[in-house]
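Novice: After the structure tokens below, expect a handful of questions from me.
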Amino acid sequence: MSASAAKPPTARLVLASDRRRVAPLDAAQPLTIGRAASNRLCLSSGEGVAEHHAVVRFSRSHGWVVCDWKSNEGTWLEGQRVHQCRPLSDGDEIRLGHSGPVLVFELMGQGTAEAAAAPLASAGAAIPRSPQAIPPPPRVPAPVVTAAGGTIDFGGQPLALAAIRSASVRSDALHPHIFSWWLLLCLGGLLLLPVPLLFWPLQLGALAGWILLGSRKQHTLVLELRDGRALRHRFANRRTALAHRNGIRRAIGQGDTGGGPGMAPA
């Protein structure tokens, strides 16, 4: 069977503040989210939620993605604003607005699809187009966090599970100033313009260095503690960081994958 004919992975959204409220996702029908009653997921009482705020849908080339619907306060994925569309990974948190409700994206096994509630009513709202170059969502390995006696090992030190408020992953550029250095080198290379044999290799080398170094990122696992502190640990691999984040969330009871009632309109 070809990849295009493969069955889409079953997924759902869970309200972080009340995990009993679940919205199953249908690959054949995008889930529109907002305050308006025409949305398939209506959050009429959510602070900062726009009339038509966001869309979660399935793309055969990019998997499950979340798209902002040009909302005033924006849609945030793992602390980073979604400007158009972003791919989703298991356990990702979607916040509607600066301080609005948080929805947790969860992938489900083949045997749990029947346990999910029936899809919500359809809506006739338009869906924003996704960008052409969305990277495919990473495949996250099984969690690698060990918990024993109500504690986890974080950075070589035991940490009580009860002290953890939330876990998230931030991805930042490893060389944030590479564009400035590239531009400076290109401008300086103009002095060699009368010598093409030196000018063009320098320009091409600078361009290649900008592309290679500019694409590198560092991934930071951030634990927010109940006393207001934040603990951080860096990873070179995003899949590993996501696996640790998901393991910690499950350990503190924020990653339950059991079935639940359908998410009713707020």
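The values are calculated or read from the model by the stated rules, or taken from the named source; none is laboratory data. These figures come from a predicted structure and were not determined experimentally. Positions of Cβ are backbone-derived with ideal geometry, glycine not excepted, and every protein chain shown enters the neighbour counts.
Novice: Given the condition under 23 Å from Gln254 (Cα atoms), in the same structural domain as His98 (by TED's automatic domain parsing) and touching a helix residue (DSSP H, G or I) at 6+ places or on another chain (Cβ under 7 Å), answer yes or no: does some residue in region 64-79 qualify? Full working, then the answer.
Specialist: Our first condition is that a residue be under 23 Å from Gln254 (Cα atoms); within region 64-79, this holds for 64-66, 75-79.
With the extra rule that they be in the same structural domain as His98 (by TED's automatic domain parsing), the set shrinks to 64-66, 75-79.
Of the ones still in play, those that are also touching a helix residue (DSSP H, G or I) at 6+ places or on another chain (Cβ under 7 Å) are none.
No: region 64-79 contains no residue that is under 23 Å from Gln254 (Cα atoms), in the same structural domain as His98 (by TED's automatic domain parsing) and touching a helix residue (DSSP H, G or I) at 6+ places or on another chain (Cβ under 7 Å).
Novice: Return the residue satisfying two criteria in turn: it lies in region 40-73 and is more than 16 Å from Leu15 (Cα to Cα) and polar (S, T, N, Q), and of such residues it is nearest to the chain's Cα centre (by Cα).
Specialist: Result: Ser59.
Novice: In the list Ser89, Ser38, Ser44, which residue meets the criterion of being among the polar types (S, T, N, Q), under 17 Å from Ser171 (Cβ atoms) and assigned by TED's automatic domain parsing to the domain that holds Lys7? Walk me through how you get there before you give the answer.
Specialist: Details: Ser38 fails: under 17 Å from Ser171 (Cβ atoms); Ser44 fails: under 17 Å from Ser171 (Cβ atoms).
Being among the polar types (S, T, N, Q), under 17 Å from Ser171 (Cβ atoms) and assigned by TED's automatic domain parsing to the domain that holds Lys7 holds for just one of Ser89, Ser38, Ser44, which is Ser89.
Novice: Within region 163-182, can you find the residues that are in a strand (DSSP E or B) and among the aliphatic types (A, V, I, L, M)?
Specialist: If the condition is that a residue be in a strand (DSSP E or B) and among the aliphatic types (A, V, I, L, M), then Ile164, Ala167, Val169, Ala173 are the ones that fit.
Novice: Still on this structure, please answer the following. For Gly253, all conditions in the list (1) on the phi > 0 side of the Ramachandran plot; (2) modelled with pLDDT of 80 or more hold save one; what is the number of the exception?
Specialist: Failing condition for Gly253: (2).
Novice: Show me the strands (runs of 3 or more DSSP E) found entirely inside region 1-111 where at least 2 residues are in contact (Cβ under 8 Å) with a residue 24 or more places away in the chain and buried (at least 19 other Cβ atoms within 10 Å of the Cβ).
Specialist: On the way: elements: 11-15, 22-25, 31-34, 54-59, 63-68, 75-77, 80-82, 85-87, 93-96, 102-107.
Per the criteria, 11-15, 22-25, 31-34, 54-59, 63-68, 85-87, 93-96, 102-107.
Novice: Additional query: Can you find a residue that is over 20 Å from the mean Cα position of the chain (by Cα), outside the structural domain of Arg20 (by TED's automatic domain parsing) and exposed (fewer than 12 other Cβ atoms within 10 Å of the Cβ) anywhere in region 234-242?
Specialist: Checking region 234-242: not a single residue is over 20 Å from the mean Cα position of the chain (by Cα), outside the structural domain of Arg20 (by TED's automatic domain parsing) and exposed (fewer than 12 other Cβ atoms within 10 Å of the Cβ).
Novice: Another one. Would you be able to tell me the number of residues in region 183-209 that are under 23 Å from Ala236 (Cβ atoms) and either assigned to a strand (DSSP E or B) or at pLDDT below 80 (or both)?
Specialist: Number of matching residues: 1.
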